[in-house]
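Chemist: Sending over a structure as structure tokens; questions will come in a sec.
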There are 2 protein chains.
Amino acid sequence: MRAEIITIGDELLIGQVVDTNSAWMAEKLNEYGIELYQVTSVHDEKEHIIAALDEAFRRVDIVLTTGGLGPTKDDITKHVLCEYFDTCLVEDLSVRAHIYDLYQERPDVLNRLTATQWMVPQKAEILENRVGSAPLMVFHKGDKLLASMPGVPYEMEIAMKEQILPYIETKVESRKSKAIIHRTLQVTGIPESSLAIILEDYENEMPQYLHLAYLPKDGIIRLRLSSYGGATEAETDEWFGRLKGLVKEYLIADTDEPLEVIAGRLLKAKGATISTAESCTGGKLASLLNRHPGSSAFYFGSVISYDNSVKEHLLGVPEELIKERGVVSEEVVRVMAEAVRKLTGTDYSIATSGIAGPDGGSPEKPVGTVWMAWATPKGTSAECFHLGKLRNQITDRACMKALIGLIRILQ
Amino acid sequence: MRAEIITIGDELLIGQVVDTNSAWMAEKLNEYGIELYQVTSVHDEKEHIIAALDEAFRRVDIVLTTGGLGPTKDDITKHVLCEYFDTCLVEDLSVRAHIYDLYQERPDVLNRLTATQWMVPQKAEILENRVGSAPLMVFHKGDKLLASMPGVPYEMEIAMKEQILPYIETKVESRKSKAIIHRTLQVTGIPESSLAIILEDYENEMPQYLHLAYLPKDGIIRLRLSSYGGATEAETDEWFGRLKGLVKEYLIADTDEPLEVIAGRLLKAKGATISTAESCTGGKLASLLNRHPGSSAFYFGSVISYDNSVKEHLLGVPEELIKERGVVSEEVVRVMAEAVRKLTGTDYSIATSGIAGPDGGSPEKPVGTVWMAWATPKGTSAECFHLGKLRNQITDRACMKALIGLIRILQ
């Protein structure tokens with residue numbers, strides 16, 4: 001069974017908003033055994049939306065639309081769907097009651113524009129939007145169906161999880177594809193092309209219904225083995241096992257989880273704690289380490305020492321050392337790591353100092369040079385990296401290097 | 001003149017990668033007076049790519065494709081384009097020389113798979129990819145053109161800026177649309193529907209070729225006034241000026257810049273510096289403040305006090321106070337803000353402490369409760385917010401509240 005997503009909104013097509021919804025929806029659809037065939041982003045424009053609906057219904061059985069359901073004049077999705085499905089708006093008393101309930105403590109929201117939100121297409125089935133005023137709508141077109149939901153990411157996520165996916169499951173169960181299976185591992189320290197040469201025989205021997213994809217990013221290559229109904233779990237696992245064996249030298253993880261989740265699990269398993277002292281990464285590493293639920297079990301805190309005065313006063317990096325060795329140096333990151341470990345009383349710590357640019361580079365230490373240290377109960381190690389030329393690329397890659405180093409130490 | 005983007009890659013359609021490229025490209029295209037009409041994401045699959053190319057060429061004059069240009073077996077874009085434009089691969093000596101140059105210090109990359117990168121479609125014009133091995137290709141189809149580039153964001157960005165957009169400009173100059181104009185302002189503290197009621201007369205009086213869009217996110221509503229060739233700059237500015245007047249009570253910015261950029265500019269103008277003490281935001285606010293070039297002029301550093309022991313030892317929050325008032329309290333954030341301001345010697349500081357969940361909530365302080373304090377040369381203020389129920393939503397909104405508070409103080 002195949003689905004498509006149509007994201008509706010000028011903001012997506014002028015670059016004001018990045019579409020994060022589609023990736024999230026894709027993953028969930030796959031879990032339900034539904035393949036996402038295409039994503040199409042269109043303008044808030046009647047003819048454009050209708051053309052996209054027509055094309056999508058020609059290709060797939062399930063069409064999901066996001067966006068254009070707000071109470072303001074630029075939001076036209078509901079009206080276009082009325083026209084497309086040849087129906088009209090009627091008042092829905094249960095949506096009305098829900099909206100009154102939702103905003104009982106915010107009477108300012110209960111104005112006449114919000115009142116347009118309980119007018120719904122007569123032919124649509126209405127599902128409850130627990131967290132917002134836009135009703136979730138399902139339309140049928142023969143055997144096919146369309147579900148329309150808001151584009152605000154957290155409203156969309158709750159709508160999909162609690163309403164739309166369970167609804168689709170009941171309607172399409174009998175027509176569902178065989179299981180869609182993805183297995184991903186992560187490697188580091190080898191160029192993509194060299195990796196592909198190592199895996200050449202493996203790829204040639206692989207049955208046609210298995211597919212291997214290479215996804216390089218921030219110094220890590222994710223290798224994904226996929227089956228769209230052709231292989232069983234056991235067969236996929238067998239091929240995945242072989243793959244792991246072939247790349248074991250470079251393997252950093254045998255799941256698709258973010259590295260900070262893997263590092264967090266390793267820390268928790270040891271009952272160990274961590275802190276960071278960050279200069280160039282500026283808190284990015286800290287916020288990775290604490291972005292997932294449960295991180296307070298292992299992440300204690302950080303000193304972000306962006307300015308040298310903070311390195312000196314909070315972390316006790318001697319002014320002399322900075323003058324002599326430079327702030328981006330092995331000596332300085334070692335002091336930073338050991339100082340923050342002591343200050344926070346954690347078992348481990350990571351320190352970063354680098355030149356993120358665009359200014360501050362020199363012939364000896366060009367933009368992209370990053371020194372990093374890992375302090376552990378058994379001592380401190382340090383390493384220097386050259387991580388490219390673009391500011392955010394450098395800091396993202398530095399975070400990945402920091403986590404790879406940590407995972408290697410914890411393993 | 002209109003363009004479309006076709007993003008090629010299974011990773012986009014199984015949710016493994018978020019497409020950040022399209023938004024970036026859209027913005028640049030608009031700057032060149034080119035409207036982005038549609039974005040289509042398709043699988044690494046010949047028939048699918050060809051169908052998308054056919055459809056896009058029916059609608060627009062410029063088709064941009066990203067992805068599928070790596071040296072591995074799953075990358076098929078180059079071969080599909082050969083078939084689509086009825087041509088074959090030939091060796092390109094200048095691409096070969098460029099790749100040798102690029103990897104002169106990494107001979108391990110110069111293997112036989114990388115060698116496939118200098119085989120290029122005979123009918124394509126080749127533009128130099130300064131930072132990678134995949135050649136940038138331009139094909140012509142009558143008056144129309146297609147440019148194909150890598151999907152790795154920083155390679156795509158350099159390719160677009162340095163090669164593809166200047167190339168397109170020389171080819172399509174005479175057929176360019178009139179200027180595409182966008183003006184955006186940001187408001188806070190009013191529901192979207194109430195805002196729309198305030199602006200009802202304004203929207204009704206607005207000429208048809210001007211368009212107003214509402215973009216709510218993280219407690220801020222961006223209001224965008226757009227013209228696709230219908231209005232002059234002066235006319236748009238006049239309507240934008242009226243708009244500003246109508247919402248001035250709620251106005252936080254009259255540009256589309258991120259709030260941290262606006263705060264940074266205000267700090268620089270005052271020659272003032274800032275630091276943060278973060279609990280629930282965990283470094284996210286710090287990394288916002290230092291993510292843009294030039295931030296070292298005003299951002300000095302932070303203490304991320306995730307664990308209470310760090311609040312006590314590094315920031316001197318009395319254990320008694322935490323016991324008595326709770327760690328999420330006005331008293332604690334005030335101490336945190338004043339402590340970090342003193343420790344780092346900055347003019348301003350911001351402190352956050354909240355319950356990001358999913359655990360840790362109570363009836364008095366449910367998940368989403370965030371206390372925040374701003375310490376300034378003239379004293380300290382604090383405020384409590386309720387920011388929703390989802391972890392990342394809470395911390396993102398908390399950062400926005402922190403920045404809004406800072407901007408209000410600095411203005």
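Throughout, read-outs are computed from the coordinates displayed, never taken from laboratory work. For clarity, every value in this text was computed on a predicted model and none was experimentally measured. Note that each Cβ is placed from the backbone with ideal geometry, even for glycine, and that neighbours are counted across all protein chains shown.
Chemist: For chain A, give the magnitude of the charge dipole about the Cα centre (Cβ charges: +1 Lys/Arg, -1 Asp/Glu; no others), in debye to the nearest 20.
Modeler: On the way: 44 positive and 59 negative charges, 181 e Å.
Dipole about the Cα centre, nearest 20: 880 debye.
Chemist: In region A:2-175, with Lys and Arg counted as +1 and Asp and Glu as -1 at Cβ, which of these residues, A:LEU136, A:THR40, A:GLY151, has the Cα nearest the positive end of the dipole, that is, farthest along it?
Modeler: A:LEU136
Chemist: Just counting partner chain Cβ atoms within 10 Å, what average do the residues of peptide B:295-301 show around their Cβ? Walk me through the numbers on the way to the answer.
Modeler: On the way: counts 4, 8, 1, 2, 5, 7, 17.
Whole-number average of other-chain Cβ neighbours for B:295-301 is 6.
Chemist: Oh, and also: What are the ³J(HN,Hα) values, in whole Hz, obtained from phi via the Karplus relation 6.51 cos²θ - 1.76 cosθ + 1.60 with θ = phi - 60°, for each residue of region B:184-196 in sequence order, with x given for Gly and Pro?
Modeler: Running phi through 6.51 cos²θ - 1.76 cosθ + 1.60 with θ = phi - 60° gives 10, 10, 10, 10, 8, x, 8, x, 4, 5, 5, 4, 5 Hz.
Chemist: If you take every DSSP beta bridge whose two residues both sit in the protein assembly as shown, what share of them, in percent to the nearest 5, is antiparallel? Walk me through the intermediate numbers first.
Modeler: Details: 96 of 150 bridges.
Of all bridge pairs located within the protein assembly as shown, approximately 65 percent are antiparallel.
Chemist: If r is the Cβ-Cβ distance from B:ASP54 to A:THR20 and R0 is 35 Å, what FRET efficiency results, to the nearest 0.05?
Modeler: After rounding to 0.05, the efficiency reads 0.75.
Chemist: Under 5 Å between amide hydrogens, which residues at least 5 positions from A:LYS217 or on another chain qualify, with H placed 1.01 Å from N in the peptide plane?
Modeler: A:ARG222
Chemist: Ranked highest first by the average count of other Cβ atoms within 10 Å around their residues, in what order do A:261-273, B:355-367, A:201-213, A:13-25 fall?
Modeler: Working: A:261-273: 17.5, B:355-367: 15.7, A:201-213: 14.2, A:13-25: 21.5.
Ranked from most to least packed, the peptides come out as A:13-25, A:261-273, B:355-367, A:201-213.
Chemist: Here's another thing I want to ask about it. Please list, ordered by chain and number, the residues whose modelled amide H lies under 5 Å from the amide H of A:GLN38; skip anything fewer than 5 residues away on the same chain.
Modeler: Placed amide hydrogens put A:ILE5 under 5 Å from A:GLN38.
Chemist: Now a separate question. Per residue of B:195-204, count partner chain C-beta atoms within 10 Å of its C-beta, then hand back the mean as an integer.
Modeler: Details: counts 2, 10, 6, 0, 2, 4, 0, 0, 3, 1.
Per residue, the number of nearby Cβ atoms from other chains is 3 on average.
Chemist: Could you work out how far the C-alpha centroid of region A:342-411 sits from that of region B:36-79, in angstrom?
Modeler: The distance from the Cα centre of region A:342-411 to that of region B:36-79 comes to 38 Å.
Chemist: Amide H to amide H, which residues 5 or more places from A:GLY151 or on other chains are under 5 Å from it, using H placed in the peptide plane?
Modeler: Distant-sequence amide H within range of A:GLY151: A:GLY67, A:GLY68, A:LEU69.
Chemist: Report the charge-dipole magnitude of region A:64-204 in Debye, nearest 20, computed about the Cα centre from +1 at each Lys and Arg Cβ and -1 at each Asp and Glu Cβ.
Modeler: Numbers: 15 positive and 21 negative charges, 76 e Å.
So the dipole magnitude of region A:64-204 works out to roughly 360 debye.
Chemist: Per Stokes-Einstein, at 25 °C and 0.890 mPa s, what whole-number D in µm² s⁻¹ belongs to region B:2-175, with the Kirkwood radius over Cα pairs as the hydrodynamic radius? It would help to have the intermediate numbers written out before the result.
Modeler: Values: Rh = 16.3 Å.
Result for D is 151 µm²/s.
Chemist: Here is a follow-up. As a test of the formula, what do you get for chain A when each DSSP H run with n ≥ 4 contributes -39,500 (n - 2.57) and the sum is divided by the residue count, at 222 nm and rounded to the nearest 500 deg cm²/dmol?
Modeler: On the way: 16 runs with 157 residues, N = 411.
That calculation yields -11000 deg cm²/dmol at 222 nm.
Chemist: Simple spin-label model, 7 Å along Cα-to-Cβ: B:TYR209 to A:HIS140 in nm?
Modeler: Spacing of the two 7 Å Cα→Cβ label points: 4.7 nm.
Chemist: When you look at the Cβ of every residue in A:188-194, what mean number of other chain Cβ atoms sits within 10 Å? Spell out each step's value before the answer.
Modeler: Numbers: counts 0, 0, 2, 10, 8, 15, 7.
Mean partner shielding for this stretch: 6.
Chemist: If you don't mind, there's one more thing I want to ask. Give the Cα extents of the protein assembly as shown along the principal axes, in whole Å, largest first.
Modeler: 67, 67, 56
Chemist: If the viscosity is 0.692 mPa s and the temperature 37 °C, what translational diffusion coefficient in µm²/s does Stokes-Einstein give for region B:259-410 when Rh comes from Kirkwood over Cα pairs?
Modeler: Values: Rh = 15.0 Å.
So the translational diffusion coefficient is about 218 µm²/s.
Chemist: Considering the options B:ILE355, B:ILE262, B:THR344, tell which one lies farthest towards the positive end of the dipole of region B:259-410, charges being +1 on Lys and Arg and -1 on Asp and Glu at the Cβ, about the Cα centre.
Modeler: Result: B:ILE262.
Chemist: Here's another thing I want to ask about it. What FRET efficiency, computed as 1/(1 + (r/R0)^6) with R0 = 45 Å and r the Cβ-Cβ distance, is obtained for A:LEU246 and B:GLU257, rounded to the nearest 0.05?
Modeler: Numbers: r = 48 Å, r/R0 = 1.07.
Here the calculated transfer efficiency is 0.40.
Chemist: Another one. What are the ³J(HN,Hα) couplings of region B:274-281, residue after residue, when phi is run through the Karplus curve with 6.51, -1.76, 1.60 and θ = phi - 60°? Round to Hz, x for glycine and proline.
Modeler: 9, 9, 9, 10, 10, 9, 5, 6
Chemist: Then there's this: Tell me which trypsin sites (Lys or Arg not before Pro) from region A:135-212 have a DSSP coil assignment and no more than 16 other beta carbons within 10 Å of their own. Numbers along the way, then the final one.
Modeler: Numbers: sites: A:LYS141, A:LYS144, A:LYS161, A:LYS171, A:ARG175, A:LYS176, A:LYS178, A:ARG183; in loops: A:LYS176, A:LYS178.
Counting only loop positions with at most 16 other Cβ atoms within 10 Å, the trypsin sites (Lys or Arg not before Pro) in region A:135-212 are A:LYS176, A:LYS178.
Chemist: Show me A:60-70, A:338-348 ranked by packing, highest mean number of other Cβ atoms within 10 Å first.
Modeler: Working: A:60-70: 25.0, A:338-348: 21.6.
Ranking, from highest mean packing down: A:60-70, A:338-348.
Chemist: A follow-up question, please. Put a dot 7 Å past each Cα toward the Cβ at A:SER362 and A:GLN122; how far apart are the dots in nm?
Modeler: 7.8 nm
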